[in-house]
């Protein structure tokens, strides 16, 4: 797994606290009047792949740097109901104030990692590499894409700035596939960026093959046309299948021989991973 952009992560955490805490947690302030130290743990209530533990740790440390936090497992590991994910000791107020922000992040990222692992397992034994898309949560793309890596897949481009991806509307605006690709090749803005183009049928594929390119995206191709595309291209350029990919269809797509499969469902329709933060009772402390 590639490392996180921690300044970006910290910015996200700060914005989340602004949203949730506002001017302060009035419930905790009124109930926890003495703020004695407390012991708590985050426990899994689900089966799947955990992701975001170091991020959750940073959430609690942001609220109070004096908190003691122990990670009980590592991102990318499989956990089961009842497994401890992390333990916390220190200010009860800080723990309570950070609880929901930490759980929101851990639940979403572990949900993404778990979904991703299912897709990766479904293409095991083929050459296809699973990719995510830009269909991520607003302002938390850094985290969503990290969770995809924790689940065993790879990231597509991060944003509009790090790869050229010519899609249908770009082609319409330029007038043709040839014109769009020629404009890109002539542009000083592209520099050393990889270039990919989306095609909708075999005729467009052949047009794209006429100009040097790094990758071609087969948008909503049938399995039959994917196989024909793989045969016609013969490995001269990488092929990426995209469009409506599900757990039920991804294996058949991979078996056509495509190099990549991009899956928006890894991040855009995530089932939250169930977990809870529990304070220790006096006899457990």
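Couple of notes before you dig in:
- Computed extension gain for residue 169 through residue 231, at 0.36 nm per residue and net of the alpha carbon distance, reaches 19.6 nm.
- Among beta bridges identified by DSSP and lying wholly in the chain, the antiparallel ones come to about 50 percent.
- At the listed q of 0.14 Å⁻¹, the Debye profile of the chain, built from one uniform point per Cα, gives log10 I(q)/I(0) equal to -0.97.
- For the range 154-262: relative contact order, % (alpha-carbon pairs under 8 angstrom, 6 or more apart): 21 percent
- The range 74-137 and the range 228-277: distance between their alpha carbon centers, rounded to Å: 20 Å
- Reported value for the range 55-124: 85 Å³ per residue, from the convex hull of its C-alpha atoms.
- Per-q log10 I(q)/I(0), the range 1-160, q = 0.10, 0.12, 0.13, 0.19 Å⁻¹ (Debye; single scatterer per alpha-carbon; no solvent): -0.39, -0.55, -0.64, -1.19
- Residue order, fewest to most surrounding Cβ atoms within 10 angstrom, among 217, 226: 226, 217
- Euclidean distance between Cα centres, the range 1-66 to the range 172-186, Å: 47 Å
- Semi-axis lengths, Å, the range 200-285, gyration tensor of Cα atoms, sqrt of 5 times eigenvalues: 43, 13, 11
- The range 154-262 - Debye-derived log10 I(q)/I(0), Cα point model, q = 0.11, 0.13 Å⁻¹: -0.33, -0.46
- The range 154-262 - share of DSSP beta bridges that are antiparallel (%, nearest 5): 0 percent
- Legend: calculated FRET efficiency, residue 84 to residue 135, from the Cβ-Cβ distance at R0 = 41 Å, rounded to 0.05, equals 0.80.
- Acute angle (nearest 10 degrees) that the helix 53-63 long axis makes with the longest principal axis of the chain, alpha-carbon atoms: 50 degrees
- Rh (Kirkwood; distinct C-alpha pairs) - the range 94-230, Å: 17.4 Å
- Rounded to 10°, Cα long-axis angle of helix 141-150 versus longest principal axis of the chain: 90 degrees
- Using alpha-carbon coordinates, inclination of helix 6-21 to the longest axis of the chain, degrees: 60 degrees
- Taken over the range 132-188, the convex hull of the Cα atoms encloses 105 Å³ per residue.
Here, each number is a calculation from the coordinates, and none is a lab measurement. What you see is a predicted model; the values in this text were computed from it and never measured. Every residue, glycine as well, gets a Cβ built from its backbone with ideal geometry; the counts of neighbours run over all protein chains shown.
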